[in-house]
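Below: the structure, in structure tokens.
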Amino acid sequence: MSAEQPMAGPAQPAPEPRTPNPPSTGSGLPAVSLSNGEPAVNPDHGRSLTGFYVAIGILLALGLLGAWMWVAWNRWWFDAGEAQRRQAEAAARLGLPVEKVVDLGGGVKLELVLIPAGRFRMGSQAGQDDPQRVGHQWVLITKPFYIGKYEVTQEVWQKVMGTNPSVDRGAKNPVEEVSWDDCQEFLKKLNALPHPHPSPFGRGSKGEGLFRLPTEAEWEWACRAGTKTRFCFGDEESGLADYGWYDGNSGSTMHPVGAKKPNAWGLYDCHGNVWEWCGDWCDEYSHGWWPKADPTGPPTGAGRVSRGGSWGSNAVACRSAVRYCCHPSYRLYVGFRLVVSSSRTP
Ligand SMILES: [Ca+2]
């Protein structure tokens, strides 16, 4: 051993080869390697791509489902044939007639029409006049109800109250000059009438079967009869003269009920003749996407809602969505229409 020779140290382990055996791809085939020895194909790459495509597929399916639901949700309106089919179906399920006549005696009758449950968008839509009041609210009407085929007539008011406050007199004219508060007195007396019971539903423990004013939502649902247009018959004011009395055809006076065409559910004079009180206090619509079920308005307010316009209103004020808010003691040009609600679901 020479002095230049290094001293032998402890034995060093043999270095690992730079190119190990080709890693398995799991398929039994070796992965292709680059010159530095790293595999060119990540063994997890195929699974990652599969997961990516599955995720994209799920997202796409959810997107399509959401789009379909959005379209289906917004497509709430229907034509006259469908309106009548739903009305007949509701009557069959309840075992009640579409039209019900309540005899008050002395030849005075109340005629009622069954309105099915349903879903709609209440209020004005963009482009339907009255831009400062464009508003809407999704509403669910969860139970069918009966509503007056006509505005309450003077002979009906006279029969129940023994008086007639109207200025333009006529037995078949709608009663007018009645405040919201006056209507409450009328309802008390009507609901207290003795046997034969006037209610078509019979009475429940929570007020079902009693006559009352329609809610604002019930009124508009009944007036629209499946339409989303400005009027129950369409958008054109030129058609209004066939369906109601307004300042364009009334001759500045009211007219007997039922002289014009009904809507698809058989209601007369929803547009014009007299404004019609609803039960609700006035408030702004919620504008949200979450529907309100059988809304009854806010608990308090300054004015009660009336709907539909009168013989003295212009065509715009007679639209299905127009709402007019008045103090409960207000009387001018205002009458009302009766509702009887059911405790039964459709
Ligand atoms: Ca009316």
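The values are calculated or read from the model by the stated rules, or taken from the named source; none is laboratory data. From a predicted model like this one, the values you see are computed outputs, not experimental measurements. When we count neighbours, we look across all protein chains shown, and the Cβ atoms used for this are built from the backbone with ideal geometry, even at glycine.
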Next on the checklist: Checking the condition under 23 Å from Val98 (Cα atoms) and either more than 16 Å from the ligand (Cβ to nearest atom) or aliphatic (A, V, I, L, M) (or both), which residue from Arg224, Arg212 passes?
Outcome noted: Arg212
Checklist entry - So is Glu155 touching a Pro at 6+ places or on another chain (Cβ under 7 Å) and surrounded by 15 or more Cβ atoms within 10 Å (Cβ to Cβ) or not? => result no
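Sort out which residues of the stretch 222-255 are among the charged types (D, E, K, R) and not in a loop (DSSP other than H, G, I, E, B), and write them in order of number. Even if it seems obvious, please write down each step before you answer.
Applying the first criterion (among the charged types (D, E, K, R)) to the stretch 222-255 yields 224, 228, 230, 235-237, 242, 247.
Within the stretch 222-255, Arg224, Glu237, Asp242 meet the criteria.
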Item to check | Within the stretch 242-259, tally of residues that are within 11 Å of the ligand (Cβ to nearest atom) and small (Gly, Ala, Ser) | outcome: 1
Next on the checklist: Can you tell me how many residues within the stretch 106-123 are touching a helix residue (DSSP H, G or I) at 6+ places or on another chain (Cβ under 7 Å) and part of a strand (DSSP E or B)?
Outcome noted: 7
Checklist entry - When both residues are 6+ apart or on different chains and their Cβ atoms are under 8 Å apart, which pairs have a first residue that lies in the stretch 87-103 and is in the same structural domain as Ile147 (by TED's automatic domain parsing), and a second that is at pLDDT below 90 and charged (D, E, K, R)? => result Leu94/Arg344
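Within the stretch 158-173, is even one residue assigned to a helix (DSSP H, G or I), under 18 Å from Val102 (Cβ atoms) and either modelled with pLDDT under 95 or within 16 Å of the ligand (Cβ to nearest atom) (or both)? I'd like the intermediate steps shown before the answer.
Just the residues of the stretch 158-173 that are assigned to a helix (DSSP H, G or I), to begin with: 158-161.
From what is left, the residues that are under 18 Å from Val102 (Cβ atoms) are 158-161.
Adding the requirement that they be either modelled with pLDDT under 95 or within 16 Å of the ligand (Cβ to nearest atom) (or both) leaves none.
Checking the stretch 158-173: not a single residue is assigned to a helix (DSSP H, G or I), under 18 Å from Val102 (Cβ atoms) and either modelled with pLDDT under 95 or within 16 Å of the ligand (Cβ to nearest atom) (or both).
Each row is one residue, and each column tells you yes or no for (1) exposed (fewer than 12 other Cβ atoms within 10 Å of the Cβ); (2) touching a helix residue (DSSP H, G or I) at 6+ places or on another chain (Cβ under 8 Å); (3) assigned to a helix (DSSP H, G or I); (4) of a type outside the set (A, V, I, L, M).
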{"position": "Phe52", "(1), (2), (3), (4)": "yes, no, yes, yes"}
{"position": "Ile58", "(1), (2), (3), (4)": "yes, no, yes, no"}
{"position": "Gly63", "(1), (2), (3), (4)": "yes, no, yes, yes"}
{"position": "Gly66", "(1), (2), (3), (4)": "yes, no, yes, yes"}
{"position": "Glu82", "(1), (2), (3), (4)": "no, no, yes, yes"}
{"position": "Ala92", "(1), (2), (3), (4)": "yes, no, yes, no"}
{"position": "Pro97", "(1), (2), (3), (4)": "no, yes, no, yes"}
{"position": "Lys100", "(1), (2), (3), (4)": "no, no, no, yes"}
Checklist entry - Somewhere in the stretch 276-297, is a residue hydroxyl-bearing (Ser, Thr, Tyr) and either farther than 30 Å from Trp73 by Cβ or crowded, with 21+ Cβ neighbours inside 10 Å (or both)? => result no
Item to check | Check on Ser341, within 16 Å of the ligand (Cβ to nearest atom) and farther than 29 Å from Trp70 by Cα | outcome: no
Next on the checklist: What's the number of the only condition in (1) of a type in the set (Phe, Trp, Tyr); (2) within 17 Å of Gly123 (Cα to Cα); (3) touching an Asp or Glu at 6+ places or on another chain (Cβ under 9 Å) that Tyr268 fails to meet?
Outcome noted: (2)
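Using the structure shown, decide if Val322 is more than 11 Å from the ligand (Cβ to nearest atom) and crowded, with 20+ Cβ neighbours inside 10 Å.
Details: more than 11 Å from the ligand (Cβ to nearest atom): yes; crowded, with 20+ Cβ neighbours inside 10 Å: yes.
So Val322 fits the description; yes.
Scan the stretch 298-319 for residues that are surrounded by 14 or more Cβ atoms within 10 Å (Cβ to Cβ), within 23 Å of Asp168 (Cβ to Cβ) and more than 17 Å from the chain's Cα centre (by Cα) and report the count.
So in the stretch 298-319, the residues surrounded by 14 or more Cβ atoms within 10 Å (Cβ to Cβ) come out as 301, 303-313, 315-319.
From the residues that got through so far, the ones that are within 23 Å of Asp168 (Cβ to Cβ) too are 304, 306-313, 315, 317-318.
Filter once more, so that each one left must be more than 17 Å from the chain's Cα centre (by Cα): 304, 306, 308-313, 315, 317-318.
Qualifying residue count for the region: 11.
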Checklist entry - Taking the stretch 260-279 as the search range and keeping residues that are aromatic (Phe, Trp, Tyr) and within 11 Å of the ligand (Cβ to nearest atom), which one is nearest to Gly301 (Cα to Cα)? => result Trp277
